[in-house]
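To start, the structure itself, in structure tokens.
The values are calculated or read from the model by the stated rules, or taken from the named source; none is laboratory data. Because the structure is a prediction, the values reported are computed rather than measured. A quick note on method: Cβ atoms are made from the backbone with ideal geometry, for glycine too, and the neighbour counts reach across all protein chains shown.
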Amino acid sequence: MARNVKIGDCAPLTESRLRRILDGITRTRVLVLGDFCLDIYWFIDPSRSEKSLETGRMTNPVSRQRYSPGGAGNVVNNLVAAGCRDVRALGVIGDDPWGREMTRQLEHIGVKTEDLLVQKERWATLAYGKPHIGKQERQRFDFGNFNRLSSLTAETLLGRLRARVPEADAVIINQQVRQGIHTRGFRQGLVRLMREFPKTIFIADSRHFSESFVTALLKINDHEAARLCGTVRAAGAPVLRAEVHSAARELFARTGKPVFVTRGSRGIVVMDDRGLCEIPGIRIRGRTDTVGAGDSALAGIGLALAAGSDTVEAAQLGSLVAGVTIRKLNQTGTASPREILALVRESAPAGHAGPLDPLGGRRHLS
């Protein structure tokens with residue numbers, strides 16, 4: 001690998017520029033295509049348990065319950081919270097209570113759900129029942145593991161997407177589970193569709209099939225980026241900085257599309273036709289909860305691009321959105337414009353009135 005040679009800092013955002021981006025986000029139109037999941041929380045209170053007459057076993061009384069969108073639904077939640085007023089969901093749900101709850105949740109925050117298709121046969125809404133006793137989560141109940149996307153549903157969904165793309169500023173593609181919408185045939189059809197609209201911003205975040213989205217900008221974590229380039233690290237083991245740089249360059253060389261490699265607390269690496277740029281992580285005081293942070297970063301990146309920002313500004317906003325959400329414990333958090341600006345002020349040195357230091361970065365030359 002070529003030695004990194006600094007050719008200048010990635011321009012840090014000023015607060016005025018950040019405000020303009022956040023204002024521009026309110027006028028963007030974003031499509032989210034992906035695996036819409038529902039997280040189901042059952043909180044069990046054994047104090048009201050009784051023996052079942054039918055089975056002779058003790059029951060699990062649910063004292064309260066809570067539902068929240070996950071997967072592509074979490075991306076949508078983050079888009080709306082950050083100020084986007086025109087979000088459309090494209091995906092597949094089942095003809096079941098979880099699908100109806102998913103639709104209700106999304107419509108409640110103003111998301112357009114006409115293209116959330118119902119497949120009545122061989123499809124269950126991707127839903128995850130999480131029983132809790134005290135602070136401990138017990139064995140999960142998973143719905144949708146045996147899904148089979150029909151060819152008719154796949155064709156209809158691609159047709160709906162094709163009809164919507166001309167009115168969108170950006171299309172965010174989420175792939176969360178193997179048993180979701182992204183079958184081999186669907187992925188191939190999606191790539192063909194993206195080639196029909198070369199001027200549209202498509203950005204993909206895929207847990208299992210990143211190599212399939214060769215026509216999209218790629219948001220990917222460091223472990224997956226390294227794996228695609230031949231380096232495998234154990235879960236929890238850090239991916240070395242040099243390995244991240246090498247992977248970002250190689251992935252960009254393969255597709256010619258910008259690549260965003262997220263590194264958790266170590267920030268985001270961006271590779272585009274101007275070279276490689278490192279956006280440092282934001283120091284967060286206190287406890288953190290990283291569940292959903294990748295979705296938050298993806299939403300911030302996608303919104304900034306939709307609002308006309310370049311890749312570096314997009315990565316900077318993605319880092320800020322994730323920085324807000326990880327401070328929200330025991331929930332899949334979102335970030336409002338007010339919270340984003342507050343984090344910037346909190347992170348900047350006391351009395352600092354210039355460019356926002358926490359959002360700067362280093363540009364390198366291959």
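When you look at GLY180, is it closer than 22 Å to ALA299 by Cα, surrounded by 14 or more Cβ atoms within 10 Å (Cβ to Cβ) and not aromatic (Phe, Trp, Tyr), yes or no? Spelling it out, GLY180 is indeed closer than 22 Å to ALA299 by Cα, surrounded by 14 or more Cβ atoms within 10 Å (Cβ to Cβ) and not aromatic (Phe, Trp, Tyr).
Filtering ARG100, ARG88, ARG57, ARG29 for residues that are within 25 Å of GLU155 (Cα to Cα) and free of Cβ contacts under 8 Å to residues at least 24 places away in the same chain leaves a single hit, ARG100.
Just to verify a result, which residue in segment 105-122, among those that are more than 21 Å from the chain's Cα centre (by Cα) and surrounded by fewer than 14 Cβ atoms within 10 Å (Cβ to Cβ), is farthest from ASN145 (Cα to Cα)? Ranking the candidates gives GLU114 first. Scanning segment 207-251 for residues that are closer than 19 Å to ILE301 by Cα and of a type in the set (Phe, Trp, Tyr) gives a single hit, PHE213. Would you say ARG160 is charged (D, E, K, R) and either surrounded by 14 or more Cβ atoms within 10 Å (Cβ to Cβ) or more than 27 Å from VAL30 (Cα to Cα) (or both)? In short, yes. Among the residues of segment 170-223 satisfying the criterion of being outside any helix (DSSP H, G or I) and small (Gly, Ala, Ser), which is farthest from ALA307 (Cα to Cα)? Checking each candidate, the answer is GLY180. When each of ILE201, ILE220 is tested for being over 25 Å from LEU149 (Cβ atoms), modelled with pLDDT of 95 or more and in contact with a strand residue (DSSP E or B) (Cβ under 9 Å, 6 or more places away or on another chain), the lone residue that passes is ILE201.
Here SER68 clears all of (1) at pLDDT 95 or above; (2) outside any loop (DSSP other than H, G, I, E, B) except the condition numbered (1).
Of the residues making up segment 96-114, at least one is part of a loop (DSSP other than H, G, I, E, B) and among the acidic types (Asp, Glu).
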